[in-house]
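See structure below.
The values are calculated or read from the model by the stated rules, or taken from the named source; none is laboratory data. From a predicted model like this one, the values you see are computed outputs, not experimental measurements. Backbone-built Cβ (ideal geometry, glycine too); neighbour counts: all protein chains shown. Quick note on the areas: whole protein, heavy atoms, side chains included, nothing else; ligands and nucleic acids left out. Shrake-Rupley method; radii C 1.70, N 1.55, O 1.52, S 1.80 Å.
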Amino acid sequence: MSVSISTRRANMENRNCPAMKKRRLELIGPQGLNFLSLPEDIMSRITAEITLKEAVRMSAVCSNLRRAWIYHPNLDFDISIVPASGIATVHEHSSKHKRNQHSDQHNRMMGIKRFIDTVNLILGEHSGLAVNRLAVKFKLHKEHANAIDGWVSFAIASKAKVVALDFSPYLGPYENNYSFPCHLFHKQNSSHLQVLRLYSVTLDSSQDFCGFSNLTTLALDHVLILQGLQFLLLKCPSLEWLSIQLCPQLHDLHADEPLERLKFLCVQYCAINRIELHAPNLTSFEYRGGSKVHFALNKCLKLKTASIKFNVEENLEYVFTEIPNGLPYVEALHVELTVKT
């Protein structure tokens, strides 16, 4: 049995062409098998070849695919899903709108509402089966917590492997950040998450947080970290890739127990004073910052490559003495700095 998709993206955009109407996404096999009668995992694999937006558009032009998009595995939500009338409200405004600040604020709020309503509608109709990724990139913060918590709950219930929350268009005060809902996770529902990327949120992982047993990748960018990362890191035993950028409250990066699987570590532009980790399989380390840091990676036996960049340094003693002492197994050390003379 074979199933053919007889149109591609360009065909969908030309709905009025008679030839295209005849061929329009009739996913019927030679034995007359309807697409929707296929097993769910096969439908998921087919719809995964196109974007979520294309899948929704496809369902609008073909009755046989009216609900096929509900099995799409990668749910990526950004400005492109907002109706055309709302796109301008969250980015650049016309000169006419700029004349009236109240009108601008109203338009921005309406644009955000359209975005939230659209995400809620799609997730509400989605099957929740075979979800691989839930990614949101939009200007949201703590006042939208109820909606965002619902999206995270959907990711948990659907056993999504990747969760990415990027609210970086919002770069206001940290106290307005959305707080990532660690309380929604427990040992029974957290084991499916493998990749977590957080941008412009607040992260408060207390000592009793369950952690993520199968998390391999953690990226934190412009995140307000309230309790440090030690408890979280120790409860992510599968972690291999860790990136931390622009996290002003992170002053100390350490763990009392070994991070057995960590292979890559990147720390950039945090107000950090110490990096002390026992990561026996760490092979690559990158640091960017504006002040001296005490490196204590003495037990990282496989660490062979390190790159360190400072904005200002008064002398070279720290470069030639302290840094090598903290990275004794590194074979290729690249240091870039500005020296005051």
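Looking only at segment 170-186, filter to residues that are part of a loop (DSSP other than H, G, I, E, B) and modelled with pLDDT of 90 or more; which one of those is most open to solvent (accessible area, probe 1.4 Å)? Reasoning before the result, please.
From segment 170-186, those part of a loop (DSSP other than H, G, I, E, B) are 170-173, 177, 180-181, 185-186; that's our starting set.
Still in the running and modelled with pLDDT of 90 or more: 177, 180-181, 185-186.
On the way: ASN177: 4, PHE180: 12, PRO181: 2, PHE185: 23, HIS186: 83 Å².
Looking at the filtered set, the residue picked out is HIS186.
Pairs only if they're at least six apart or on different chains, beta carbon under 8 angstrom, first in segment 136-153 and surrounded by fewer than 16 Cβ atoms within 10 Å (Cβ to Cβ), second in a helix (DSSP H, G or I) and among the acidic types (Asp, Glu); list them, first residue then second.
Nothing qualifies.
Among the residues of segment 241-276, how many are assigned to a loop (DSSP other than H, G, I, E, B), buried (at least 21 other Cβ atoms within 10 Å of the Cβ) and at pLDDT 95 or above?
Qualifying residue count, segment 241-276: 2.
Pick out the one residue from SER238, SER206, SER190, SER200 that is open to solvent by 10 Å² or more (accessible area, probe 1.4 Å) and either at pLDDT 90 or above or in contact with a strand residue (DSSP E or B) (Cβ under 6 Å, 6 or more places away or on another chain) (or both). Spell out how you get there, then give the answer.
On the way: SER206 fails: either at pLDDT 90 or above or in contact with a strand residue (DSSP E or B) (Cβ under 6 Å, 6 or more places away or on another chain) (or both); SER190 fails: open to solvent by 10 Å² or more (accessible area, probe 1.4 Å); SER200 fails: open to solvent by 10 Å² or more (accessible area, probe 1.4 Å).
Just a single option satisfies the conditions, and that option is SER238.
So is VAL335 open to solvent by less than 60 Å² (accessible area, probe 1.4 Å), in contact with a helix residue (DSSP H, G or I) (Cβ under 7 Å, 6 or more places away or on another chain) and assigned to a strand (DSSP E or B) or not?
Working: open to solvent by less than 60 Å² (accessible area, probe 1.4 Å): yes; in contact with a helix residue (DSSP H, G or I) (Cβ under 7 Å, 6 or more places away or on another chain): yes; assigned to a strand (DSSP E or B): yes.
Here the answer is yes, as VAL335 does meet what is asked.
Tell me, please, whether a residue that is in a strand (DSSP E or B) and either of a type in the set (A, V, I, L, M) or over 14 Å from the mean Cα position of the chain (by Cα) (or both) can be found in segment 204-211. Talk me through it step by step, then tell me what you get.
Step one: of segment 204-211, the residues in a strand (DSSP E or B) are none.
No, that holds for no residue.
Filter segment 278-326 down to residues that are in a loop (DSSP other than H, G, I, E, B), hydrophobic (A, V, I, L, M, F, W, C) and open to solvent by 10 Å² or more (accessible area, probe 1.4 Å), then give me how many there are. Step through it out loud before you land on a result.
Keep residues of segment 278-326 that are in a loop (DSSP other than H, G, I, E, B), which gives 278-283, 290-293, 297-304, 311-312, 314-316.
Add one more test, that the residue is hydrophobic (A, V, I, L, M, F, W, C), and what stays is 279, 282, 293, 297, 300-301, 303, 312, 316.
Those still in the list that are open to solvent by 10 Å² or more (accessible area, probe 1.4 Å) too: 301, 312, 316.
Matching residues across segment 278-326 total 3.
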